[in-house]
Amino acid sequence: MVSAVPRGPGFLGLFLLLLSLCAGCDREPRRPNLLVISIDTLRADHLGAYGYGRDTSPAIDAVARGGAVFLNAWSTTSWTLPSHVSMLTGLPISAHAQCDFDMEATQAVESHRPRGRFVSEDLAMAGYDTAGFYSCVYLEPACGFGPGFETWERAYHSFKTEPGIAERWKAARESGDEGAMRRIAAERPELFDLEIPTAPAAVDGALGWLDRRGKDADPFFLFLHVYDVHTPYTPPAPFDRSFDPDYAGTIDGRRLGGSDSPVRADMDPRDLAHVIALYDGEIAAVDRELSRLFAELERRGLSQETLVVITSDHGEEFFEHGAKLHGGHLYRETLQVPLIVVWPGKIPAGVRRSECTGLIDLVPTLRAAAGLAPDPILPGIDLSAVAQGKWTGPARTLTASLVIRRGVSEPQWLSSIVDNREQTIIHRPGAPDWHAERFDLVANPRELSPPEVIDPEHPDAAALEARLGTVRAHLRGLREAAPRREVQGLPLEDVERARLEQLGYGGSARDGQHGGEALCFDGCIWHP
């Protein structure tokens, strides 16, 4: 008797089985989603991930523990617009040449027309779905933002951007109808309110966009900008009392800028402590909103296939060097930014790196993760390689620059060069009466001890000027190599200029004089 033997799949069945098993053998692995979160005005040293004592950022800290925290990361300036251009183009300011919100004057000089490609443009061409949600006038398309983004939306609208209202406001303003303008303000007062939190709307916009994507959609690049940590410091409950519940004074987080501000260098230390507590409350409120985004990424199964970057455009001053807010100095408290990069399966958890890094490193990092070839124009490095201990390049020098027109009789300009050992801030570089402050970041990491002052008579003056010459040559080469782009420029109405001055910005781009070929590093066209 012959026993029955189960029949196998046969040649055709076996072939089909092997074919199905190897269907993806020759495919490249799926490229990661890319999420960049920019938290405006966020000091690195006010996050738990950077050792802060207050529990301002539990959600951010939890994400940070899963990847790399860069402890020595620097912006290219201390205010919003130029730093975000650097963040999205990978270029220092002297290379991208966009150092002012009023582009009319800057674009009048051919050599200072904006340059650089947004990383979103290259990612879109590479098949990424791209979207950005922002909360600040300085990130409007009129300022040059949005190239390559299929969706680029303001998360919270103002009277100038709200559909239906913007057109009526413009018509009323152009006709000089103040009554109509007052009626619009009364009809929609929230559009004129600087204190309404914008992070909830930004996160809602991002989640709504994710909802609209199909299950088999291409990988995405999502950029999220939240503004609430910026002045005024008016966090929603319970964060308005979280870190200073017993305060009984009169400081409420409003009117921080302006000549009539109660926030001054000689204010009662107890009141200043409350100002800082309110700032911390804003961070905690933003962190709560971001926790919704992180939870949804986890729930949707996206966390393990998404590279997440958390950073900021600049920090904030609390009179460490005699000033407040930002945009007036290049000291560490306004120039150092948080930089957290998480990429499950690629970057180990718990990494903390002290190499000199900066906002210009974001674009090379995103390009590398997306499988794009390195762009030879860009001076930045791939942060994932640094996090994995694979980067072996030479010691780095990063630059920053700032033009100050507010509260001065003529434009002033500052430049910074920083590495792992020291920061040197040059006042009026290129002018005969320049001087510099040199901080030893090893012995004086917070720059609270007096710096070494260098002037043209100092023994190190020649060496510093030679170093500046090398930096200038490098920056000029970057600018000449970068492609030019068109920027319309942001037309500001009187009410907007007044509100920007309340936020700590001000001055007119026409206060300066054209200086021909000067780099932004030397004051750009504002060189007197």
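The values are calculated or read from the model by the stated rules, or taken from the named source; none is laboratory data. The shown structure was predicted, so the numbers you read here are calculated from the model rather than taken from an experiment. Please note: Cβ atoms are built from the backbone with ideal geometry, for glycine as well, and neighbour counts cover all protein chains shown.
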**Request:** For segment 339-353, state whether one or more residues are closer than 20 Å to VAL418 by Cα, in a helix (DSSP H, G or I), touching a residue at least 24 places away in the same chain (Cβ under 8 Å) and of a type outside the set (S, T, N, Q).
**Result:** no
**Asked** Can you tell me which residues in segment 160-188 are in a helix (DSSP H, G or I) and within 25 Å of GLY208 (Cβ to Cβ)?
**Response** ILE165, ALA166, GLU167
**Asked** From ARG472, ARG421, ARG467, which residue is surrounded by fewer than 20 Cβ atoms within 10 Å (Cβ to Cβ), under 15 Å from ASP522 (Cβ atoms) and in contact with a strand residue (DSSP E or B) (Cβ under 9 Å, 6 or more places away or on another chain)?
**Response** ARG467
**Request:** Take segment 263-306 and flag every residue that is of a type in the set (Ser, Thr, Tyr) and under 24 Å from ARG241 (Cβ atoms).
**Result:** TYR279, SER291
**Request:** Name the single residue, out of those in segment 154-184 being at pLDDT below 85 and small (Gly, Ala, Ser), that is farthest from VAL226 (Cα to Cα).
**Result:** GLY164
**Prompt:** Can you name every residue in segment 357-375 that is part of a loop (DSSP other than H, G, I, E, B) and either without any contact (Cβ under 8 Å) to a residue 60 or more places away in the chain or in contact with a Gly (Cβ under 8 Å, 6 or more places away or on another chain) (or both)?
**Reply:** ALA373, PRO374, ASP375
**Fill in**
Within segment 115-142, of all residues that are in contact with a helix residue (DSSP H, G or I) (Cβ under 6 Å, 6 or more places away or on another chain) and closer than 18 Å to ARG484 by Cβ, the one modelled with the lowest pLDDT is ARG115
**Request:** Read through the list (1) under 23 Å from LEU383 (Cβ atoms); (2) part of a loop (DSSP other than H, G, I, E, B); (3) out of contact with any helix residue (DSSP H, G or I) (no Cβ under 7 Å at 6 or more places or on another chain); (4) of a type outside the set (Gly, Ala, Ser), then give the number of the only condition that ARG264 fails.
**Result:** (1)
**Item:** Flag for TYR247 being in contact with an Asp or Glu (Cβ under 9 Å, 6 or more places away or on another chain) and surrounded by fewer than 24 Cβ atoms within 10 Å (Cβ to Cβ)
**Value:** yes
**Message:** Please pick out the residue among ASP216, ASP260, ASP228 that is loosely packed, with under 11 Cβ neighbours inside 10 Å and under 23 Å from TRP79 (Cβ atoms).
**Reply:** ASP260
**Request:** Could you check how many residues of segment 109-119 are more than 15 Å from the chain's Cα centre (by Cα), surrounded by 20 or more Cβ atoms within 10 Å (Cβ to Cβ) and on the phi < 0 side of the Ramachandran plot?
**Result:** 4
**Message:** Tell me the residue from ALA206, ALA180, ALA202, ALA131 that is surrounded by fewer than 19 Cβ atoms within 10 Å (Cβ to Cβ) and of a type in the set (A, V, I, L, M), please.
**Reply:** ALA180
**Asked** Any idea which of (1) within 20 Å of PRO364 (Cβ to Cβ); (2) assigned to a loop (DSSP other than H, G, I, E, B); (3) without any contact (Cβ under 8 Å) to a residue 60 or more places away in the chain; (4) of a type outside the set (A, V, I, L, M, F, W, C) is the one HIS157 doesn't satisfy?
**Response** (1)
